[in-house]
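Only the coordinates and a few stated rules stand behind these numbers; no lab work does. If you're wondering where the values come from, they're calculated on a predicted model, not measured in any experiment. So basically every Cβ, Gly included, is an ideal-geometry build from the backbone, and we count neighbours across all protein chains shown.
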Amino acid sequence: MIIQTSRFGEIEVDDTRVIRFPKGLLGFPRYREYVLIESGDEATFWWLQSVDMPELAFVVTDPSLFVPTYQVPLRRDQLADLGINEPEDAQVFVIVNKQDNLLTGNLQGPLIIHVAKRMGEQMVLSDRRFTTRVPLVELPTPVEAMSA
Amino acid sequence: MLVLSRQRDETIMIGDEIEITVVDIRGDKVRLGINAPRNVQVHRKEVYEAIKKENTASANVQIADLTRLETHVKRRAAGSGG
């Protein structure tokens, strides 16, 4: 299928790569289908691009790369709702935001994706240890941009 | 908005399946017990709103931001400083 995107232009993705979020993401309930786009070789970050809305895309990452102690405390019944029987079937991503040079991850609202079934849901964690803006990595000041 | 008065240990039913019980009242703090089917998610509203707000802000990250980020992370992983 061909997807129109504001960031990448027109892209072609296989239909089987579409991930469905039956409830949408919080604040975006109307947009329920996304594709994961690798941002480069051996990507640490991906774009979660809406299939239906060209401008709508989020940077996502695997939080365990930055916060090794992070675990999503999900109950078995919550996993079962996504068709996940074994925790290994689930892949956890968090949405990344940028505040000046600081990249933050929304560890309070992780995305749980059932890899094989291509189904996902944004969870709301009540655990107060996690916030919506956990620092992940600080970017250096862009020297290249100044000399360009 | 429907406004109901309840005492401690009294319950409100919402539809057939959702029960909200006043468990404890101390000063201006009320503790509520909620029984709901598992497909009904129950959250503190401020947490829900915070995540919604953060999603909206995160949707504005642009491609140049990520390109810079990738370069930085790769340099760091390569141990060349940066």
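For the protein assembly as shown, the square roots a ≥ b ≥ c of the C-alpha gyration tensor eigenvalues yield an a/c of 1.5 or more together with a/b exceeding b/c, which makes the shape prolate. Let me know the shape class of the stretch B:1-42, please: from the alpha-carbon gyration tensor, a ≥ b ≥ c as square roots of the eigenvalues, rounded when a/c is under 1.5, otherwise prolate if a/b is greater than b/c, or oblate. In terms of gyration-tensor shape, prolate.
Structural descriptor for the stretch A:1-135: relative contact order 19 percent, calculated from alpha carbon pairs under 8 angstrom and at least 6 residues apart. Each residue, A:Val13 and A:Arg76, gets one label point 7 Å from its Cα in the Cβ direction; the gap between the two is 3.3 nm.
Candidates A:Pro68, A:Phe93, A:Val134 compared by Cα position along the dipole of the stretch A:59-148: farthest toward the positive end lies A:Val134, with charges placed on Cβ.
Dipole orientation for chain A: of the candidates A:Leu102, A:Leu26, A:Ile2, A:Leu26 has the Cα lying most toward the positive pole (charges on Cβ; Lys, Arg +1; Asp, Glu -1). Note on the protein assembly as shown: dipole from Cβ charges, positive end direction compared against A:Val13, B:Leu4, A:Thr44; the farthest Cα belongs to B:Leu4. Charge dipole (Cα centre; +1 on Lys/Arg Cβ, -1 on Asp/Glu Cβ; no other charges) of the protein assembly as shown amounts to roughly 740 debye.
Counting pairs on different chains as well as pairs 8 or more places apart, how many Lys pairs in the protein assembly as shown have Cα atoms under 26 Å apart? Value for the protein assembly as shown: 13. Close amide-amide hydrogen proximity is noted between A:Met119 and A:Arg20, A:His114, each under 5 Å apart and 5 or more residues distant or on a separate chain (H modeled in the peptide plane; Pro and chain starts excluded). Using only side-chain charges placed at the Cβ, +1 for Lys and Arg and -1 for Asp and Glu, the dipole size of the stretch A:15-148 relative to its Cα centre rounds to 560 debye. Fully extending the segment from A:Glu86 to A:Leu139 would add 15.4 nm, taking 0.36 nm per residue of separation and subtracting the current Cα-Cα distance. Note on the stretch A:2-137: Cα convex hull, mean projected area over all directions, 8.6 nm².
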